[in-house]
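Novice: Sending over a structure as structure tokens; questions will come in a sec.
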Amino acid sequence: MLLKKIYLRFLQYIQQSVRFLQDKFLLLISNLYQIFFLLFNETGLEKEVAQNKKTLSTIGSFIDHETYTSSKDFYGLPPYILKHIDKSYNKYPTYSDLILYLLNSFSRSPKYVEVGVSVLKNLFLISSGKSGLEIFAYDINKINPVVEKYLHLEESKDNIKKYVHNSNKISYFQGDVFKTEDLQKFKNLIKKVDFIFSDAHHSYEGLMSEYENLIKDILNKEFIIYYDDLSGDLLKAFIEISQKLSESHKIFTFTFLINGWIGNHEKMHRNGIITNIDIVNNFKRDGVSLCSIKKY
């Protein structure tokens, strides 16, 4: 029995070590790719990168120790992300830069929904980079007070807070993606939406619950659904959601590699888009270049 425990512990250590080395290797490859790409090419997102870097320079820190430790899930920030959350990064685009660009895809000022806003880093970049938006934020945590101080509070009732920032109207809803009652209330608040950024519970069950109880009922005539971190079962959920939407919409579905909210301090990870707008043609028109695009 003791030998079995020792063997299992040793096996666990080996598996963790292999994952660690794989991550470090992929991080190195990501950074080398970005260095060479930026030396000889343009991404087509230079304007958005510059805008977001300017916004980031106005924020000292996105979260403090007291706020971080008071959250049951630490605002979805594992330690390896937390230590990089305020660091500057290179000029290769992050998903925040791409989202800022994608919001120009609509014929009118879009409604923007972000499910799983965490410390509000991405949402604050979007609100600072665009004006005239209706923004709806959903998270299991109370709004991060460190970023909240940059917003003007207009109304607070139950689990909904309403703010104004950069001529944008922001509604913050505290709720759980696994509670249909919360999602129904959020759905009633939104009505219809143009752009959805899904970044909440990173599991197959979380994505499917979010789709069945929220997303499928709130899509406007034109829509973009953006998914972060499509690894393993998350990609499976993404493809299933795409198949469901294809039954009633002519859609374009694709994935690609891009930096997340800590830039090149983390390896590029696979994001995905489901939309009924021909975005890939827009990329060609505007010279937007994304790494490893896969169509489905």
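Novice: Residues in segment 110-131: is at least one over 20 Å from residue 223 (Cβ atoms) and surrounded by fewer than 19 Cβ atoms within 10 Å (Cβ to Cβ)?
Specialist: The answer is yes; a qualifying residue exists.
Novice: Check segment 94-102 and report whether any residue there is closer than 25 Å to residue 252 by Cα and assigned to a strand (DSSP E or B).
Specialist: yes
Novice: Moving on. I'd like to check which strands (runs of 3 or more DSSP E) are fully inside segment 125-226 and have at least 3 residues that are in contact (Cβ under 8 Å) with a residue 60 or more places away in the chain and in the same structural domain as residue 114 (by TED's automatic domain parsing).
Specialist: Output list reads 193-198.
Novice: In segment 163-197, which residue that is more than 28 Å from residue 51 (Cα to Cα) and among the polar types (S, T, N, Q) is nearest to the chain's Cα centre (by Cα)?
Specialist: Taking the candidates together, the pick is 174.
Novice: Let me ask something else. For residue 211, state whether it is buried (at least 18 other Cβ atoms within 10 Å of the Cβ) and at pLDDT 95 or above.
Specialist: no
Novice: For segment 120-145, name all the residues that are basic (Lys, Arg) and within 26 Å of residue 66 (Cβ to Cβ).
Specialist: Hits for segment 120-145 are 121, 142.
Novice: Inside segment 227-259, can you point out the residues that are assigned to a loop (DSSP other than H, G, I, E, B) and among the aliphatic types (A, V, I, L, M)?
Specialist: If the condition is that a residue be assigned to a loop (DSSP other than H, G, I, E, B) and among the aliphatic types (A, V, I, L, M), then 230, 251 are the ones that fit.
The values are calculated or read from the model by the stated rules, or taken from the named source; none is laboratory data. Treat the numbers as computed from the prediction; the structure is a model and nothing was measured. Positions of Cβ are backbone-derived with ideal geometry, glycine not excepted, and every protein chain shown enters the neighbour counts.
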